[in-house]
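What follows is a single structure, written as structure tokens, with notes after it.
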Amino acid sequence: MELLNHPVGIASLILFLIAYGFVMTEEVTKLRKSKPVLLAAGVIWAMIAGVGAKNGNSDHVEEAIMHAFSEFSQLMLFLLVAMTFINAMIERNVFEKLRSRLLAQDYSYKTLFWITGFLAFFLSPIADNLTTALVMGAVVLAVGAGNARFISIAFVNIVVAANAGGAFSPFGDITTLMVWQKGLVDFQQFFSLFLPSLVNFLIPAGIMHFAIKNEKPEAIDEQVDIKRGGVLITFMFLLTIATAVSFHNFLHLPPAMGMMTGLGYLMIVSYFVKRGHNPNDPISERFDIFRKVSRAEWDTLLFFFGVIVSVGGLGFMGYLALVSEAMYVQLGATYANVLVGILSAIVDNIPVMFAVLTMTPDMSLGQWLLVTLTAGVGGSLLSIGSAAGVALMGQSKGYYTFVSHL
């Protein structure tokens with residue numbers, strides 16, 4: 001199907017750019033990012049299918065759309081389980097306990113700056129950069145109450161640390177997860193990025209360190225207890241990660257299959273947690289696993305569907321082959337992969353990385369690791385360049401803005 005210069009191809013490209021314009025201006029328009037890309041995905045494939053039906057190519061169109069569905073379903077199921085575990089741990093006060101322990105210590109603002117930064121860096125590979133940023137953002141708002149300068153700088157540090165930490169683990173960012181699921185980089189090979197990721201955190205943090213005054217906040221002795229089952233659920237989350245890795249490495253099954261098995265672990269545990277609920281205790285909340293599933297970031301999951309299916313359509317029409325030729329053949333892999341990192345600060349790193357994976361340029365392991373690193377940490381250049389930055393702008397109550405990050 002020759003669609004590159006066809007009116008349908010040009011219309012699809014324009015439609016996707018318009019939809020993505022709405023995604024980038026979400027903070028201004030208040031239009032949730034999933035809505036424009038979902039509509040664009042449906043219209044793009046409807047136009048492709050119309051041409052296919054006219055030319056007798058419906059089978060090829062169906063095969064292409066099913067490939068896009070397969071890509072999305074694995075990513076969606078993986079993320080749904082991870083989000084459910086995180087929601088369960090938040091509800092059981094696992095992260096709240098961490099916050100209260102920090103508040104109780106007599107630390108200076110400089111010390112808190114480094115503690116929250118390192119916690120974000122090492123929590124991100126397990127809990128993903130978005131969840132990490134939200135959890136550590138709540139900690140910073142609590143420990144830095146009344147000190148706007150500290151909160152602003154600490155938020156920048158958290159975004160940089162969470163994005164850097166997420167780059168050396170398949171669980172740390174959507175882009176690393178996509179590269180791992182595609183089978184281009186093995187699980188253990190991602191850890192080669194640990195030192196580059198650490199440098200990407202330490203150098204900006206070292207510069208910001210000098211902008212924080214050497215003062216101490218008031219210590220707050222707040223007693224928080226982890227609810228029944230919280231520790232066991234945390235252990236089950238780690239076991240689920242091990243299951244997903246084992247399924248992929250040893251059984252050659254999709255990691256999403258291991259994560260769904262882990263959801264089974266959580267559901268069995270939730271049964272016993274629910275059975276142990278004391279209805280006479282007003283503080284104890286009945287544990288409902290399906291409520292945790294419902295509280296997943298559905299806007300984010302549906303956004304991924306719209307992006308993956310839309311980009312799949314553009315790839316089917318041949319636009320990604322043109323981009324691949326321009327970037328990876330004419331510029332060369334190294335410059336192209338650095339450019340991907342810069343682009344991911346302006347455009348969300350997920351469609352950029354999915355486009356690269358759809359192009360499948362012929363690259364060495366080192367180059368795939370490079371593009372994983374640049375796509376992960378490139379978003380730290382701007383506050384809108386990563387999910388962590390966008391989330392913290394909404395959470396910060398005006399302390400952390402586009403300009404303060406810049």
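Please pick out the residue among Phe85, Phe95, Phe155, Phe150 that is open to solvent by 10 Å² or more (accessible area, probe 1.4 Å), touching a helix residue (DSSP H, G or I) at 6+ places or on another chain (Cβ under 6 Å), of a type in the set (Phe, Trp, Tyr) and farther than 26 Å from Val356 by Cα.
Numbers: Phe85 fails: open to solvent by 10 Å² or more (accessible area, probe 1.4 Å); Phe155 fails: open to solvent by 10 Å² or more (accessible area, probe 1.4 Å); Phe150 fails: open to solvent by 10 Å² or more (accessible area, probe 1.4 Å).
Matching residue, one of Phe85, Phe95, Phe155, Phe150: Phe95.
Of all the residues that make up the range 99-113, how many are surrounded by fewer than 16 Cβ atoms within 10 Å (Cβ to Cβ) and either outside any loop (DSSP other than H, G, I, E, B) or without any contact (Cβ under 8 Å) to a residue 24 or more places away in the chain (or both)?
So in the range 99-113, the residues surrounded by fewer than 16 Cβ atoms within 10 Å (Cβ to Cβ) come out as 101, 104-106, 108, 111.
If we keep only those that are either outside any loop (DSSP other than H, G, I, E, B) or without any contact (Cβ under 8 Å) to a residue 24 or more places away in the chain (or both) as well, we get 101, 104, 111.
So the answer is 3.
Restricting the search to the range 38-58, which residues are open to solvent by 20 Å² or more (accessible area, probe 1.4 Å) and among the small types (Gly, Ala, Ser)?
Listed by number, the residues that qualify are Gly42, Ala46, Ala49, Gly50, Ala53, Gly56, Ser58.
So if I check each of Thr372, Thr300, which one is in a helix (DSSP H, G or I) and either among the small types (Gly, Ala, Ser) or at pLDDT 90 or above (or both)? Before you say what the answer is, go through the steps one by one.
Details: Thr300 fails: either among the small types (Gly, Ala, Ser) or at pLDDT 90 or above (or both).
Only one candidate qualifies: Thr372.
Conditions (1) under 30 Å from Thr261 (Cβ atoms); (2) more than 22 Å from the chain's Cα centre (by Cα), marked per residue:
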{"residue": "Ala11", "(1), (2)": "no, yes"}
{"residue": "Pro36", "(1), (2)": "no, no"}
{"residue": "Ala46", "(1), (2)": "no, yes"}
{"residue": "Thr84", "(1), (2)": "yes, no"}
{"residue": "Val94", "(1), (2)": "yes, no"}
{"residue": "Leu102", "(1), (2)": "no, yes"}
{"residue": "Thr111", "(1), (2)": "no, yes"}
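Go through Val160, Val179 for me and flag whichever is aliphatic (A, V, I, L, M), over 30 Å from Ser70 (Cα atoms) and either in contact (Cβ under 8 Å) with a residue 40 or more places away in the chain or surrounded by fewer than 24 Cβ atoms within 10 Å (Cβ to Cβ) (or both).
Details: Val179 fails: over 30 Å from Ser70 (Cα atoms).
The conditions single out Val160.
Looking at the range 14-37 only, could you name the residues that are at pLDDT 85 or above and either open to solvent by 60 Å² or more (accessible area, probe 1.4 Å) or over 20 Å from Ala68 (Cα atoms) (or both)?
Correct list: Ile14, Leu17, Ile18, Gly21, Phe22, Leu31, Lys35.
The values are calculated or read from the model by the stated rules, or taken from the named source; none is laboratory data. Since the structure is predicted, the reported quantities are computational estimates derived from the model, not experimental observations. Positions of Cβ are backbone-derived with ideal geometry, glycine not excepted, and every protein chain shown enters the neighbour counts. The area values use the complete protein model at the heavy-atom level, side chains included, leaving out ligands, DNA and RNA. Shrake-Rupley method; radii C 1.70, N 1.55, O 1.52, S 1.80 Å.
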